[in-house]
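One structure is given below, encoded as structure tokens.
Since every read-out is calculated from the coordinates, none of them should be taken as a lab result. All figures in this text were calculated on a predicted structure; none of them were measured in a lab. Here the Cβ positions follow ideal geometry from the backbone for every residue, glycine too, while neighbour counts run over all protein chains shown.
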Amino acid sequence: MDCFQTLASLRQRLLDGEITSKEVVSGFLGRIESVDSDLNALIHLDKEGALKQAQTADEALASDPDARSKPLIGLPVVVKDNIAERGQPLTCASKILSNFVAPYDSTVVSKLKSAGAVLMGRANLDEFAMGSSTENSARAITRNPWDADHIPGGSSGGSAAAVSAGLCAAAIGSDTGGSIRQPASFCGCVGLKPSYGRVSRFGLTAFASSLDQIGPLTRDVRDAATVLNVIAGHDERDSTSVPRETEDYTASLGQDIKGLKVGLPKEYFIEGLDPAVKVSIDGAVSQFQQLGAEIVEVSLPHTEYAIATYYIICTAEASANLARFDGIRYGARVDGKDPVELYAKTRGAGFGSEVKRRIILGTYVLSSGYYDAYYLRAQKVRTLIRQDFQNAFDQVDLLLTPTVAAPAFKVGEKSTDPLQMYLTDIFTISANLVGNCGLSLPCGFSQNPKLPIGLQLMGRPFEEANLLKAAYAYEQSTDWHKAFPS
């Protein structure tokens, strides 16, 4: 079976009776068995459960007319291993949760199940979603399907690699500072970060609560819109979920974008862009002009402070959120002679170096005497960055930027230099600080080696429909999304 088909294509074949869900799932399981030992995209594969779900889907399609209206009926999806799925591992790629099994379904997983999706397994990630390369996983380093010497990005590197390599029809990831969009760029697929509050975070293991957002990784833009239709919506169990009406995000796909104002932030088109990235992005700008869009230069003057602001806020929130992993309530435990020693030994043995680094940084910026100098000041700069985006969106409908300044780097290339690793997120973190929606889609390749390059589009908060419409228009006028790794 062709494992590089889109959700839309597979769904139509299922509805037409050309193929069964069991055949689809079996095909993907075979692909996983033959390929994933080299990639390590999945932490856990639920082979028996996936086949049972496929059988249930086939029976429903044969006997229940309502089953045909379910948008993901019988289609294989993998979920990042920091999002709860009842009865499945929830390790967050960390030793401290190595044997933990989720006791309930996250809201996103519940919605996927209601839509008929076949949940096949758990995708690898940087430990607790802290990283940009999936090298920080306590399980294994995930490899890029286009070149196994290179990283797939992170922290949703397992989800992106699984989609890119044809191990699933779609995947779910989380994005705190680019963790969906950056690996989508590196792996040549579509990654969507919805607006903050658009998708429920109930059941997502919190990293930085004011920044985290769940979203899809897919083969093309239509599939991303389809999955967003399934997972979006208000949830009373998530206090940050925004009570706004959702819409059919596929409805605007195919509409003309003539007259659409697309902004190019001058701070994002800097010296030091990889030449292949510059050529690809320049080509994308020209393509948007050919489609009738109006290109406007805009400014986001506080961009230079975004990295520092982000890493103060995210580490502070991580320090608070990860305090619950103490060896007492759940997870791994290393005994000590008193509670303090128990905490120290458990967390010392259970957390990896990057997680420890961020906890220490976060605790420092929240500590007495430093809170005002660091955390409070970062929140004030965050407000200035948000105002920059508001001013830009007063002039344009969308922003167009590179997703990352260079193609995927080699495994180990930046792992000993945390600052260089952090800088790979320079173009993606602002969307999380501001809370607007963003999307990465393929726009070119580097050569020697051939590695994907991603184009980032950013829209106003809760204007995913407009974002997807523009992305679809570009995608359908090019062939980049039709390429697959060998």
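Below are the figures for this structure:
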item: Computed over the chain, the ratio Rg/Rh where both radii use C-alpha atoms and Rh is Kirkwood; result: 0.95
item: Proximal aspartates and glutamates relative to K414, as straight alpha-carbon distance under 15 Å, when same-chain residues fewer than 8 apart are discounted; result: D126, E135, D149, E354, D425
item: Ranked list, fewest to most other Cβ atoms within 10 Å of each Cβ, for C168, C3; result: C3, C168
item: Segment 407-453 and segment 226-255: distance between their alpha carbon centers, rounded to Å; result: 27
item: Ordering of 124-130, 279-285, 215-221, 111-117 by packing [mean C-beta count within 10 Å, highest first]; result: 124-130, 215-221, 111-117, 279-285
item: Prolate/oblate/rounded label for segment 186-240 (Cα gyration tensor, a/c 1.5); result: oblate
item: For L253, net neighbour charge (Lys/Arg +1, Asp/Glu -1) across residues whose Cβ lies under 9 Å away; result: +2
item: Descending semi-axes in whole angstrom, ellipsoid equivalent of segment 70-158, from the Cα gyration tensor; result: 24, 17, 9
item: Segment 1-45-segment 328-342 distance, computed between alpha-carbon centres (Å); result: 43
item: Three-way shape label, segment 118-260, alpha-carbon gyration tensor, a/c 1.5; result: oblate
item: Cut-off 13 Å between beta-carbons: net charge of the residues surrounding A208, Lys and Arg +1, Asp and Glu -1; result: -1
item: Coarse-grained scattering of segment 310-378 at q = 0.11, 0.14, 0.20 Å⁻¹, given as base-10 log I(q)/I(0) from a Debye sum over alpha-carbon atoms; result: -0.29, -0.46, -0.79
item: Distance violations [Cα-Cα > 27 Å] among K258/K278; K80/K482; K193/K469; K22/K111; K356/K450; result: K356/K450
item: Cα convex hull of segment 291-330 - mean projected area over all directions, nm²; result: 5.9
item: Charge dipole (segment 310-378, unit charges on Cβ, about Cα centre) - positive-most of G350, Y374, T315; result: G350
item: Nearest-20 debye value, the chain charge dipole, Cβ charges on Lys, Arg, Asp, Glu; result: 820
